[in-house]
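Have a look at the structure below, then the notes.
The values are calculated or read from the model by the stated rules, or taken from the named source; none is laboratory data. In this text, all values refer to a predicted model and were calculated from it rather than measured experimentally. Cβ: placed from backbone, ideal geometry, glycine included. Neighbour counts: every protein chain shown.
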Amino acid sequence: TIKAFLFDLDGVIVDTAIFHYQAWRRMANELGFDISEEFNEQLKGISRVESLEIILQHGNLVLPEERKAELAAQKNQWYLELVSRMTPDDILPGVPAFFSQVHDAGIKTALGSVSKNARLILERIGMSNVFGTVIDGNKIARGKPDPEVFLKGAEELGVSPADCVVFEDAVAGIEAAKRGGMLAVGIGSPNVLTQADIVWPSLEHVTVTQLLKSLDR
Ligand code: B16
Ligand code: MG
C-alpha cells in the first residue's frame, strides 16, 4: 500500500530548470561556447559540481580545481539572483490542489532535491511547512541517479521504499527512484521518461484517487 509521496523540486513543484539553464549558459558563453536546451536536459537532477564537469567537457575545457570552484560559485550567484525574484506565483499549476488531496488522503510527503538551495526556494514560494520532511543537497553525499536522496526521505518518514511513490521530471531522478525500489511517476514526456511507471504532463490533470488507482497493479 502506498503511504508516502516523495517530490522532486525543480520541474515538479517549480520550474527552476530554466534559471539553472540561463545561469549555466551565461557561464558557458563567457568561456567561449554555448549550450543548447536539448543539452540541458541531461543536467536535470544532477548536482552543481557534476553539472559543471559535464558542461566543461562539452566545451572541451580542462581547468584547475580552483577555477572550477570559482565558476560554480559564480553560476550559483547568477542563479540566486533569479531565485530571489520568485514568489508563490511560481508554483507550477495544479500543485496546491494536488497537495490538499494528498493531505486529505493521509499520505505522508517528502521533498527529495539535490539542490543546496531547496530550502530557500521553498521559503520564496511559501511551501516551507508543507512537507513531512525535506531532504536537499546539504543532507546527501551522492546526487541522482543515486537513490540516496529518496531513501533518506523514506527513512525519515518511517515508510518502506516499496510503499513510496516518487514524482520526477528528470531522467536521472526516475532512475534514482527505481534503484531505490520505489514507484516512479514521470512529470513530462513519456518519450523522455521511459523508465517511469506512469507519466503525466503535469500535476494539473491528475487527482490522487486516479493516480492511486492507476498505480495499483
Ligand atoms: P544547486 P532537483 C537539481 O534540483 C536540479 O535539477 C539541477 O539542475 C541542479 O544542478 C541541482 O539541483 C543542484 O542545484 O546548484 O541549487 O545546488 O531537480 O533535484 O530538485
Ligand atoms: Mg527535477
Legend entry - Number of the condition not met by Leu203 [criteria: (1) within 13 Å of ligand 1 (Cβ to nearest atom); (2) under 23 Å from Ile18 (Cα atoms); (3) buried (at least 18 other Cβ atoms within 10 Å of the Cβ)]: (1)
Inset, instruction - Tell me which residues, restricted to region 22-40, are surrounded by fewer than 23 Cβ atoms within 10 Å (Cβ to Cβ), within 10 Å of ligand 1 (Cβ to nearest atom) and more than 16 Å from Arg85 (Cβ to Cβ). - result: Asn40
Inset, instruction - Kindly establish whether Arg119 is more than 27 Å from Leu212 (Cβ to Cβ) and within 13 Å of ligand 1 (Cβ to nearest atom). - result: yes
Legend entry - Residue in region 145-162 that is at pLDDT 95 or above and closer than 20 Å to Asn40 by Cα present: yes
Legend entry - Failed criterion for Gln42 (all others in (1) touching a residue at least 40 places away in the same chain (Cβ under 8 Å); (2) farther than 30 Å from Ser128 by Cα hold): (2)
Legend entry - Which numbered condition Ala172 fails, given (1) more than 13 Å from ligand 2 (Cβ to nearest atom); (2) surrounded by 18 or more Cβ atoms within 10 Å (Cβ to Cβ); (3) of a type in the set (A, V, I, L, M, F, W, C): (1)
Inset, instruction - Scan Val102, Val114, Val130, Val95 and give me the residue that is surrounded by fewer than 22 Cβ atoms within 10 Å (Cβ to Cβ) and within 16 Å of ligand 2 (Cβ to nearest atom). - result: Val95
Inset, instruction - Please specify each residue of region 30-67 satisfying the condition of being more than 25 Å from the chain's Cα centre (by Cα) and in a helix (DSSP H, G or I). - result: Glu30, Glu65, Glu66, Arg67
Inset, instruction - List the number of the failed condition for Asp34; all other conditions in (1) within 16 Å of ligand 2 (Cβ to nearest atom); (2) more than 24 Å from Ile140 (Cβ to Cβ) hold. - result: (1)
